[in-house]
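Trainee: Supplied in structure tokens, the structure appears directly below.
The values are calculated or read from the model by the stated rules, or taken from the named source; none is laboratory data. Everything numeric in this text was worked out from a predicted model, so none of it was measured. Here the Cβ positions follow ideal geometry from the backbone for every residue, glycine too, while neighbour counts run over all protein chains shown.
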Amino acid sequence: MSFPVYLIGARGCGKTTVGKLLARQLSYHFCDTDQQLQQQLEQSIADYVAQHGWGTFRQQEHHALLTVTSDNTVVATGGGIILRDDNRQHMRESGAVIWLSVDHHVLVNRLTADPEIGQRPTLTGRPITEELYDVLQQRLPLYQQAAHHIIDANQPPEKIVIDILTALSRDSLTA
Ligand code: ADP
Ligand code: MG
């Protein structure tokens, strides 16, 4: 196995946390589309969205996804990456797509406990925990469509990594 592994899921589901651990286990590089975006935009995501709007932001995000795509890489993606058909298709065709699925109340707890995340721009301007439920409902079918594997990410990061490695090794047995 050398193809990229993409982690998808809601803000706070653990893509960055789990992605770094997984990359270490696989001896892969780790990339974060949100981090790539910030380099690309040369300003914070919040400021960019305020100035240019979400549509232009999604275009930039698509470009960031293509830029970080590389073999032997774990890619943590932004929560909205699955909104565009071309992003879903690109990930499915170029690598393994893992959805870190987390219950709504667990997400709320994590986001409330992490002030850095609480400050990320929201889609509607409402507090993140309020809009989260609606956003999740809207996106669940898209996460499902995009994913090769759905992982229960309500568990500790180390256990999530084990489950991902198990799913990936099943892939390579059947490939
Ligand atoms: P994402 O990159 O998907 O937005 P992060 O990896 O930044 O999510 O994690 C969001 C917050 O939740 C962080 O404070 C992180 O420490 C915590 N966290 C992530 N994964 C877990 C987990 N499996 N169990 C408990 N807390 C977690
Ligand atoms: Mg992240």
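Trainee: Cβ contacts < 6 Å: first residue away from ligand 1 (no atom under 12 Å from the Cβ), restricted to region 139-156; second residue polar (S, T, N, Q) and modelled with pLDDT of 95 or more, any location; separation 6+ or different chain. Result?
Mentor: As it stands, the answer is 150/101, since those pairs meet every condition given.
Trainee: Name every residue in region 137-175 that is at pLDDT below 90 and within 16 Å of ligand 2 (Cβ to nearest atom), in order of residue number.
Mentor: Listed by number, the list is empty, since nothing qualifies.
Trainee: Looking only at residues that are under 15 Å from residue 69 (Cβ atoms) and not in a helix (DSSP H, G or I) in region 15-37, which one is nearest to ligand 1 (Cβ to nearest atom)?
Mentor: In this case the residue turns out to be 32.
Trainee: Right, something else. Report, by residue number, each residue of region 1-45 that is touching a Lys or Arg at 6+ places or on another chain (Cβ under 9 Å), closer than 23 Å to residue 134 by Cα and crowded, with 18+ Cβ neighbours inside 10 Å.
Mentor: Hits for region 1-45 are 7, 8, 9, 10, 11, 12, 13, 14, 34.
Trainee: For the structure I just gave you, tell me whether residue 61 is charged (D, E, K, R), more than 14 Å from residue 7 (Cβ to Cβ) and loosely packed, with under 15 Cβ neighbours inside 10 Å. So that I can check it myself, show each step before the final result.
Mentor: Values: charged (D, E, K, R): yes; more than 14 Å from residue 7 (Cβ to Cβ): yes; loosely packed, with under 15 Cβ neighbours inside 10 Å: no.
No: the conditions fail for residue 61.
Trainee: If residue 48 satisfies all but one of (1) modelled with pLDDT of 95 or more; (2) surrounded by 18 or more Cβ atoms within 10 Å (Cβ to Cβ); (3) away from ligand 2 (no atom under 12 Å from the Cβ); (4) not acidic (Asp, Glu), what's the number of the condition it fails?
Mentor: Failed condition: (1).
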